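Just so it is clear, none of the values below were taken in a lab; they were calculated from the coordinates. Because the structure is predicted, anything quoted here is derived from the model rather than measured. Neighbour counts run over all protein chains shown; Cβ positions are idealised from the backbone, glycine included.
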Amino acid sequence: MRFFGLNTSDTINEEKLKVTISVIVLVLMSIIITIGTVSYLNWQAKIDKMAKDQALAEAMQSSDSAANTDDTIPSASELVNTTSVTPTVVASTTPTEAISPTPSDTTTPYGEDEPTAEPTTVQVTETDYFCTVYAASALNVRSGPGTEYDLVKQLNPGDEIDVIAQTSNGWYKTYNGNYVLASLTTTTAPVVATPVPAAPTAAPTPTPIPAPGTETYYGSCTITFYGPQPRGDGTYSTTTATGTTCSQGRTCAADWSVFPAGTVIHVVNDPLGGDGYYTVEDCGPGVRGSHIDIYADDPYSVSTTTAEIYVVH
């Protein structure tokens with residue numbers, strides 16, 4: 001009985017030990033599985049977060065690129081009297097070149113378009129449009145199609161404007177790249193009255209002027225300026241209507257019914273600073289009556305004026 005009891009006790013203790021070890025193993029395995037599961041979930045969460053961050057960065061980069069693409073930008077000289085009077089619309093439509101407008105100096109004298117016109121804030125397109133128009137009032141010539149662009153010069157009522165394009169926001173582009181507000185122009189040419197020579201007793205006594213020959217006083221004329229004329233291929237022409245080559249200080253255009261081709265005239269106080277003697281070698285559709293258009297290499301450096309004119313015999 002003693003030995004039987006001892007063996008039974010040992011057997012029970014051995015069974016308890018196995019059960020205890022089994023429980024400990026199961027607990028350890030549960031802990032390991034739990035730790036592994038948590039680690040996997042954390043790793044998966046990090047992967048998802050990285051993917052979201054990358055997608056957000058790509059979206060922001062794409063938005064910035066689109067914003068940069070949408071930025072638009074648009075300059076120049078002045079107008080000259082050389083295009084056809086008959087309007088001709090050409091089918092091609094092209095967007096204006098991108099320009100970064102420079103705000104105008106608010107102290108600059110303004111034409112009729114300045115007080116109420118709104119700045120250009122949308123993309124402007126241009127359609128080829130060839131015609132000759134005239135300033136209906138004091139009119140600003142600007143470097144771009146909007147009042148926020150630089151003022152190039154100001155035209156007087158009746159001044160001729162050669163147009164090569166029309167913008168989608170209501171401006172005309174002149175042949176040399178400047179712009180005027182279309183609503184302040186007219187297609188009707190101003191009537192220029194030819195002055196009637198006064199009676200000898202009523203005519204003012206002109207200041208004696210040194211001359212190479214006999215000179216006859218004509219009267220006061222409007223003086224404008226023109227330069228090399230653009231061709232369709234992008235080059236410029238300096239050939240006159242009489243076949244000569246334009247030369248600053250010698251060539252001028254006039255109404256041949258008033259000053260025939262070849263007439264030598266004397267412009268008192270030459271605006272170009274020369275001796276004032278010019279030969280009529282050219283003509284133009286906008287040069288009518290008492291109007292002298294003087295050739296200059298840089299016609300935009302001088303402004304329209306008036307001067308006393310003598311005809312040299």
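Structural remarks
- For the pair Thr187 and Met60, a Förster radius of 45 Å applied to the C-beta separation gives a FRET efficiency near 0.30, rounded to the nearest 0.05.
- Extension gain for Val311-Thr238 works out to 23.8 nm (0.36 nm per residue, less the C-alpha to C-alpha distance).
- Taking label positions 7 Å along the Cα-Cβ direction at both Arg231 and Leu17, the computed distance is 11.5 nm, reported to one decimal.
- With each label modelled as a point 7 angstrom along the Cα→C-beta vector, the Ser247-Asp270 pair spans 1.2 nm.
- Residue-wise HN-Hα coupling along region 136-151, computed from phi with Karplus coefficients 6.51, -1.76, 1.60 (Hz; x: Gly, Pro): 7, 7, 4, 10, 7, 9, 10, 7, x, x, x, 6, 7, 8, 4, 7
- Charge context of Tyr226, other residues only, Cβ under 9 angstrom, K/R +1, D/E -1: -2
- Proximal charge balance of Thr279 [Cβ under 14 Å; K/R count +1, D/E count -1]: -4
- Estimated vicinal HN-Hα couplings, Hz - region 254-262 in sequence order (Karplus 6.51, -1.76, 1.60; Gly, Pro = x): 8, 6, 5, 6, 9, 10, x, 4, x
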